[in-house]
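Please treat every number below as a calculation from the coordinates, not as lab data. If you're wondering where the values come from, they're calculated on a predicted model, not measured in any experiment. Methodologically, a virtual Cβ is constructed for each residue, glycine included, from the backbone with ideal geometry; neighbour enumeration extends over all protein chains shown.
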Amino acid sequence: MIQIANRAHDANVRTDAAMALEAVGELRGVISGLDASLDVRSRAGWALDDMVDELCRPDPDRDVMASRLWRLTEFLQGSGVEVGPGTAPFEPIARIAGWVGPLGEALLKRLG
């Protein structure tokens with residue numbers, strides 16, 4: 001019984017991570033289309049690469065993802081990119097934050 005429950009949990013983590021991974025891909029597209037310098041877009045792309053690496057792990061760490069998402073949003077804001085509600089980056093950021101959990105919710109409150 002425990003083995004079945006563990007498999008179900010593992011499958012849910014992978015499915016949820018797949019949805020977060022899809023949001024990271026969407027965020028990559030949004031960032032590539034920003035009116036920002038090549039340096040900003042490149043550095044943001046590296047942060048997204050790190051997120052993809054984490055989400056592709058067998059058991060992605062939500063705390064690691066929270067840290068990466070916070071750093072990315074702080075970097076974007078510091079570079080003059082608007083990331084609050086109603087902006088193009090916000091929706092995928094919100095979906096990733098939803099997967100992250102409480103630390104992601106705290107980020108959304110800060111952005112809102």
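Do any trypsin sites (Lys or Arg not before Pro) in segment 46-112 lie in a DSSP loop with no more than 10 other beta carbon atoms within 10 Å, and if so, which? Numbers along the way, then the final one.
Values: sites: Arg62, Arg68, Arg71, Arg95, Lys109, Arg110; in loops: none.
Passing both the DSSP loop test and the Cβ count: no residue.
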³J(HN,Hα) computed for each position of segment 75-89 - Karplus, 6.51 cos²θ - 1.76 cosθ + 1.60, integer Hz, glycine/proline x
4, 4, 4, x, 8, x, 8, 7, 10, x, x, x, 9, 4, x
Compare Ala20, Ala47, Ala97 in a GNM of the chain, Cα atoms joined below 10 Å, and give the one with the largest fluctuation.
Ala47
Of Ser42, Ser79, how do they rank once you tally other Cβ atoms within 10 Å and put the fewest first?
Ser42, Ser79
Using only the Cα atoms of segment 42-112, build the gyration tensor, take square roots of its eigenvalues as a ≥ b ≥ c, and label the shape rounded, prolate or oblate: rounded if a/c is under 1.5, else prolate if a/b is larger than b/c, else oblate.
oblate
From the backbone phi of segment 21-26, what are the Karplus-calculated ³J(HN,Hα) couplings (6.51 cos²θ - 1.76 cosθ + 1.60, θ = phi - 60°) in whole Hz, Gly and Pro given as x?
4, 4, 5, 4, x, 5
Determine the calculated [θ] at 222 nm for the chain from helices alone, applying -39500 (n - 2.57) to every DSSP H run no shorter than 4 residues and normalising by the residue count; nearest 500 deg cm²/dmol.
-26000 deg cm²/dmol
For segment 54-71, in order, what is each residue's ³J(HN,Hα) by Karplus, 6.51 cos²θ - 1.76 cosθ + 1.60 with θ = phi - 60°, in whole Hz (x at glycine and Pro)?
5, 5, 8, 5, x, 9, x, 8, 5, 5, 4, 5, 4, 4, 5, 5, 4, 4
Using a 10 angstrom cutoff on alpha carbons, build the Gaussian network for the chain and name the most mobile of Asp16, Asp35, Asp63.
Asp35
For segment 22-61, rounded, prolate or oblate, judged on the Cα gyration tensor with a ≥ b ≥ c (square roots of eigenvalues), a/c < 1.5 rounded, else prolate if a/b > b/c?
oblate
